[in-house]
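The values are calculated or read from the model by the stated rules, or taken from the named source; none is laboratory data. Just so it is clear, the model here is predicted, and its values are computed rather than measured. Here the Cβ is made from the backbone with ideal geometry for all residues, glycine too, and neighbour counts use every protein chain on show. These accessible areas exclude ligands, DNA and RNA; they are computed on the full protein's heavy atoms, side chains included. Shrake-Rupley method; radii C 1.70, N 1.55, O 1.52, S 1.80 Å.
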Amino acid sequence: MKNITVFLCTCFDEINRVVDYERLCSHLSDDPRVAAVTVSRGLCVSGGAGEIGASVKSGDGRVLIAACSPLARGDQVMRDLERAGVPAFRRHLVDLREGCAWIHGNNPAAATEKALDLLNMGLTALEYKEPSADVTLKIADEVLVIGAGPAGMAAATALARCGVDVRVLERGAQPGGMLGLVSRSYPDNTDPSEKIAAFRDLAASDPRITFHSKVKIISARGYAGNFTVRFTAEGEELQAHAGAVIIATGGRVFPPKGYYRYGEVREVVSQIELEARFRKGPVKKENAVFIQCVGARCEERPYCSTICCPASIKNAMRIMDENENARVWILHRDIMMPGTTLEAYYKKAMERGVRFIRYAESDPPRILGDEAVETVEVRDDITGDRRTIPADLVVLSTPLIAGTDAEAIGDLFGIQRDSYGFFREIYPLHPVETRIDGVYICGSARWPVSSEQAMVQGEAAAMKAAALVGRQTIRASEFSRVPGAKFGHARVNEDTCSGCGNCAAVCSFDAIRLQRRSGEGEFRMVSRVIKVRCKACGNCLSVCPNGSMQMPEMNTKALYGMVGKAFS
Amino acid sequence: MAVEVSNNHKQQKATERTPRILVFACKWCGLIGADGAGRKREPLPPNFRVIPVECVGSVEPDAVIRAFADGMDGVIVMGCHLGGCRFNDANHAAFKRLELLRALLEGVGIGRDRLLVTFGTAHEGHQFTDVLRNFTNLIAKKESLDTSWTSSRARMI
Amino acid sequence: MKTQQAMIDQAKSLLKKLLEDGEATAVFGLARGMGGVTAPRIFTMPDELDSLVLEPKWPLAKPAMEILRTAPGGYRLAVVCRGCDERALVELIKRNQVDADALVMVGVACSGEQASICLCDRPYPSKLDIGEAAHGVDPFDDPGVKYLLEGDTHTRMGRWERVLKRCVKCYGCRNSCPICVCDPCKLEGEPWVRRGIIPTEILSFHLIRAFHLADTCVACGACQEACPAGIPLVTLQHAMRRALREGFEYEAGLDVNEKTPVLFDFIQAPEKDRPIPDWINTLRD
Ligand SMILES: Cc1cc2nc3c(=O)[nH]c(=O)nc-3n(C[C@H](O)[C@H](O)[C@H](O)COP(=O)(O)OP(=O)(O)OC[C@H]3O[C@@H](n4cnc5c(N)ncnc54)[C@H](O)[C@@H]3O)c2cc1C
Ligand code: SF4
Ligand code: SF4
Ligand code: SF4
Ligand code: SF4
Ligand code: SF4
């Protein structure tokens, strides 16, 4: 079919100084697929995309552009064409400047040969490219927040302020999360119950916030814009239909079982137990020893939990507040107090006389005493001295670990977890987004953080969710992981699919579902692509044994065609 | 010197032959590296052709096999660094698959080194030139893939 | 070592019990029929099992799958499985081709002689019901395998070329492979392979077929046994099976719950050291 219009850009003689455009033109005009060839001096500056668009819009016209690399102006021209109404399957870009003229300037003959091949490859690709239909989705207005710790509370508050309806699902009886277990909150030493009470009042008074306590999630399905979550709240079964989901389920404190004779001798407690004692009343101690990195930065858990150093320093000073003669030691491997406020907090503790001793991982402190702790023996890693410290309290600082139901929640929503069980962001440049569009993560559920950082992340997730549910409809192609729209979606041929499940297993975006074949009553499956989730990476088609999975915009025929014409 | 890129490489001796190299480069790293090499106007051997792909995930192993069947002497697949893939972990999936394909190519005597699987970051133009020059040298030292292996060339599409 | 007859007797009583207890609707195995011809048979009545035999080797996984495909709901088939049959069925379960609930696998050990004919490194099923496990054979000790897989690539390419050129494109290998279930198959049409035209497009046909089975081939040897041209097709699979074992500690067909590294286990941990896998940037090796 003679339906391809070719535009050759000379880039102000940058390309044709090396590549013989006359040969290209005469070759192209002889090609049965080519309707017309136009040579232009600067496609990017002439603003020609609109005209090109108009010229190929009618019928089955396709356009081949030979110009500079996508990164230079090529992609810009392609995006202009998209706007002018030329979809991805009807256009193809060939890079003759960076990819040919500029690197083969010393060999014009070979450069011209190569340019001919590249054009030929482009023509063949255009011959076979097909469209993958886009879909438009309606978006539910409500946002679902799971977990009402600092992160979830901040997210819900921010959303309500934006005028977005939000439904909060909390597993416990009260909001507050781990902050509800803390007596005072570093670095400003405020009482966290004020924050929690403020949120409880807001939830009660703001019609935009619906708060459910004692929640158990039963099931979740759907995709961006349309999630359906079934749950029970106080025993009653309910269902929510949400446009976006924010996961703020926090973490859990690592129990120091088996470390430092915890549970064997009295007055060896975990940090969270100390917080509970503070909430009951003053803790009067003469000699308190905090041990850091208990079960953290070790082989199984090589990460730093970031909250334990500030929490110990906070509670060390609290002990001094309650007994001015108390002596406090913090035995640490490194003190981690990032940022300006925390560093100042650390300085303050040193000024107040908290003693810091560094121990080595290979030679940890020892707890001595028969019934209750009496002394702690530690080797100072800096001076090399072995010291025996009197102690009537030992506090073990343990890290946060992933929540008990993190795995279940992750599976329900299709989000990935890192090797320690925390939820994983899609990649470092998108800190609250997951591989499932419309599902966001924040707070200690994604990484141990202080309540303040959890709140910041909660607000960030809220803004992402608001930007999504603020729209009425959205096209699947807009859920792109790259600049601009997606160039296509995977498409399965249901007649030839054997239901082997390779594609569903390999998809990095959980975009493929295997379903029982309907009607036949036999044990056979067929795969189905969820277009919103598909990001067009092509992994599925690479593992589909018989080519049932295709990317219409770059299907097997187009790809093999290009391979076959690479040296023709 | 006029470079031969035509069909008659069979007659050429190993030493004077210019090998045919096909490069599958993902748009977000490999191709940006190619662009970087272009902007520096680094002279490169003209015997390679780049097929841009959205992600190395879409480089079907069968397409690589086809490239050899179509008479390529070497194939390079260029993706992003592990952990730096725009498409989550799609590049890792592709690399694992292609590693198995390399085992197959080795088994059947084509040699695993004719399929180069590599990754780089955007802006690594020097890496692109480096890889291409070294790979061309390596392949040029090898015998051509005899055309009786490539009987499927130039008839289907 | 049990005698063949003792194994058959044991199998008969075990399978009879399965039928009598209603554990299985039918048994699929080998029977010596009239005129002494041995062939696969579906046994539905306990006394039919008197004609059961266990030899010779006859790949039963694929026909078992076909039977189950058309079976009515609630049907349970007991299959007499050698090691390779069991592994093939495990792969078929993983690939959703066989309903694990409708299958009862009864494992039979192969003899040492059979193992050395098949170059089988695991001549017994993981669930061994009948017979004793014989020692496996390392295929890489076989001179034929060494001839094709070890040594200078260029020489071996010539050898492979001579071998593969004998192919008459009869599709016997594809048809007999228990794992090859696609309809249509890539080898039947453009742009991969032209149907009905010889000589075979050696690279496309054979490498595509081999690669599709890279991580699923259980080295049952059915393809090779079916090939009229005597092409050592399993040898090609051994190259990839070895790579999987050495690179990923994986072997196909051992466990329904074990996932193939080709489709699972990708880097999920940006926080962990991400050493460049040594197989990447292969220019340096
Ligand atoms: C001993 C200790 C002292 C600390 N001291 C301080 C301090 O002084 N200052 C400070 O800033 N930070 C402090 N922190 C850290 C702080 O508590 C946490 O970082 C913060 O609470 C994290 O907030 P979050 O919202 O992410 O998670 P969390 O506070 O853990 O909240 C998660 C919420 O989600 C709910 N949830 C979990 N799973 C589900 C589910 N499946 N369905 C429904 N709901 C669910 C939980 O019930 C919980 O309410 C301390 C931590 C510890 C361990
Ligand atoms: S193209 Fe990629 S994202 Fe889309 S369905 Fe296939 S594997 Fe998943
Ligand atoms: S990989 Fe192909 S055959 Fe297998 S389920 Fe997916 S589309 Fe179907
Ligand atoms: S040995 Fe041959 S028939 Fe058996 S699984 Fe492997 S490829 Fe298929
Ligand atoms: S050769 Fe490949 S496409 Fe053909 S049946 Fe086997 S696995 Fe399927
Ligand atoms: S069985 Fe042998 S001859 Fe037949 S197609 Fe396969 S390899 Fe070729």
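Pairs exceeding 27 Å between alpha-carbon atoms, taken from B:Lys27/C:Lys94; A:Lys284/A:Lys314; C:Lys127/C:Lys259; A:Lys214/A:Lys314: B:Lys27/C:Lys94; A:Lys214/A:Lys314. For the segment B:128-139, counting C-beta atoms of other chains within 10 Å of every residue's C-beta and taking the mean gives 1. About its Cα centre, the dipole of the protein assembly as shown is roughly 1940 debye, where the only charges are +1 on Lys and Arg Cβ and -1 on Asp and Glu Cβ. Inter-chain Cβ neighbour count for C:214-220, averaged per residue, equals 2 (cutoff 10 Å, partner chain atoms only). For A:Glu299 and A:Arg352, what is the calculated FRET efficiency with R₀ set at 30 Å and r taken between the beta-carbons, to the nearest 0.05? Efficiency at R0 = 30 Å is approximately 0.30.
The candidates C:Glu201, A:Glu267, A:Glu371, A:Glu82, arranged from most to least accessible area with a 1.4 Å probe in the full protein assembly, appear as A:Glu371, A:Glu82, A:Glu267, C:Glu201. Fully extending the segment from A:Arg261 to A:Glu286, taken as 0.36 nm per residue of separation minus the present Cα-Cα distance, adds 6.9 nm. Taking the C-alpha atoms only, the angle from helix C:4-20 to the longest principal axis of chain C is near 70 degrees. Let me know the shape class of the protein assembly as shown, please: from the alpha-carbon gyration tensor, a ≥ b ≥ c as square roots of the eigenvalues, rounded when a/c is under 1.5, otherwise prolate if a/b is greater than b/c, or oblate. Oblate, because a/c is 1.5 or more while a/b does not exceed b/c. For the residues C:Arg156, C:Arg241, C:Arg82, a GNM of chain C with alpha-carbon springs under 10 Å puts the largest fluctuation on C:Arg156. When the Gaussian network model of chain C links Cα atoms closer than 10 Å, the mean-square fluctuations of C:Ile67, C:Ile198, C:Ile130 top out at C:Ile198. Oblate is the label for region C:139-262, because a/c, from the alpha-carbon gyration tensor with a ≥ b ≥ c as root eigenvalues, is 1.5 or above and a/b does not exceed b/c.
Take the protein assembly as shown with all the other protein chains still there, run a 1.4 Å probe, and you get 40 Å² of accessible area per residue.
Mind grabbing the interface size between B and C? I mean buried accessible area, both sides, 1.4 Å probe, in Å² to the nearest hundred. That pair of chains buries around 4400 Å² in total. Helix A:108-128 versus the longest principal axis of chain A: what is the Cα-based angle in degrees, 0 to 90, to the nearest 10? On a 0 to 90 degree scale, this one is about 80. Using a 1.4 angstrom probe on protein heavy atoms only, the contact between B and A buries about 4300 square angstrom of accessible area, both sides summed. The Cα atoms of region C:1-115 give a gyration tensor whose axes a ≥ b ≥ c have a/c of 1.5 or more with a/b no greater than b/c, which makes the shape oblate.
In terms of packing, defined here as the mean over residues of other Cβ atoms within 10 angstrom, the peptides B:71-84, A:189-202 line up highest first as B:71-84, A:189-202. From the alpha carbon centroid of region A:130-159 to that of region A:459-531 is 17 Å. Between helix C:83-94 and chain C there is an angle of about 70 degrees, using the helix long axis and the longest principal axis of the Cα atoms.
Enter the Cα centre distance for the pair region A:266-307 and region B:42-60, rounded to the nearest angstrom. The two parts, judged by their Cα centres, are 56 Å apart. The aspartates and glutamates within cross-link reach of A:Lys2, meaning a Cα-to-Cα straight distance under 18 Å and a gap of 8 or more places when in the same chain, are A:Asp30, A:Asp31, A:Asp60, A:Glu127, A:Glu130.
Across all C-alpha atoms in chain A, the radius of gyration and Dmax reach 31.4, 97 Å.
Note on chain C: with a GNM built from Cα contacts shorter than 10 Å, the maximum mean-square fluctuation among C:Val218, C:Val53, C:Val37 falls on C:Val37. Structure note, pairs A:Lys557/C:Lys186; A:Lys565/B:Lys141; A:Lys486/B:Lys96: Cα-Cα distances above 20 angstrom occur for A:Lys565/B:Lys141; A:Lys486/B:Lys96.
Once backbone amide H atoms are built at 1.01 Å from N, A:Ile389 has A:Val376, A:Glu377, A:Val378 as its partners under 5 Å, excluding neighbours fewer than 5 places away on the same chain.
Taking every residue in C:185-194 and counting other chain Cβ atoms within 10 Å of its Cβ, the average works out to 6.
In summary, the aspartates and glutamates within cross-link reach of C:Lys169, defined as a Cα separation below 16 angstrom excluding same-chain residues under 8 places away, comprise C:Glu161, C:Glu188, C:Glu190, C:Glu201, C:Glu225.
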